[in-house]
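Bear in mind these aren't lab numbers, they're just calculated from the coordinates by the rules spelled out. Note that the coordinates shown come from a computational prediction; the quantities given were computed from them, not determined experimentally. Cβ sites come from the backbone with ideal geometry, for glycine too, and all protein chains shown count toward neighbours.
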Amino acid sequence: MDSVRHFEETLRNTHPLLWQDVVLFFKQESLHSAQHEKWNRRIEAEFGHPMMKLERCIDDVMQFQKRFLSPLNQLACTAAFEHFTATFGQILLESTDGLRQMGAPQRRLWMWHALEEIEHKAVAFDVYQAVSGGGVGGYLRRCLAMMWVTVFFALTLGFVRIYLHWLPSHAPLLLLPLSRLLVLAVWCACTCVRTLAYSISDSPGCS
């Protein structure tokens, strides 16, 4: 949200209708964050997964991004992140088998989450278009942001999956056998290809 909030004054003065969408986006993201925190605390309490530790690792990466990227580049990354989460949401809603295997509370939570992501999928992108002026430079910046976010998502999902399901006693990643690292690399590559292919065929928001 910070990358969008940076342009609040510009949006208020020159794009008041878009600013109304941004305000709703902020409200949804705040509720979303609160529910994520509750979910992670429950998972950690019931199953012992170190969710808070994983959240801190991701936060460190995001803080690194804030330190080294300009506000406009951060906004381009946010638009790319929202593109991915909306795509994942659509995949989840179309995956009836996956939803059917969940318990009722989990199914309701993830369906709400998916619908929420799809609903505000284009807000960050619209803000980016409004403040960047579009053009070739804006398009190239957006392409570079999508490349970075693709790698970030694939590596994050891959490492979290291994950390939570494969590592005995959450041992350091450096102790993984080479075979598991190769599996991680293949899994990450498949995630990238699958998500990009889906995005190209039915792009939600960031066309």
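For Asn13 and Val160, calculate 0.36 nm times their separation in residues minus their Cα-Cα distance, and state this gained length in nm to one decimal.
48.7 nm
By per-residue mean of other Cβ atoms within 10 Å, what is the highest-first order of 99-106, 138-145, 6-13?
Final packing ranking: 138-145, 6-13, 99-106.
Applying a 10 Å radius around every beta-carbon, put 124-131, 17-24, 79-86 in order of their mean neighbour count, most first.
79-86, 124-131, 17-24
What is the fewest-to-most order of Ile91, Ile162 by other Cβ atoms lying within 10 Å of their Cβ?
If I rank by nearby Cβ atoms, fewest first, I get Ile91, Ile162.
So if I take the centroid of the Cα atoms in region 125-161 and the same for region 66-88, what is the distance between those two points in Å?
5 Å
Taking the alpha-carbon distance from Lys27 and a cut-off under 16 Å, which aspartates and glutamates remain once sequence neighbours fewer than 8 residues away in the same chain are dropped?
Of all the aspartates and glutamates, those that pass the test against Lys27 - Cα under 16 Å, at least 8 places apart if same chain - are Asp2, Glu8, Glu37, Glu82, Glu116, Glu117, Glu119.
Determine, for Val149, Val61, the number of other Cβ atoms within 10 Å of each Cβ, and report the residues in order from fewest to most.
Val61, Val149
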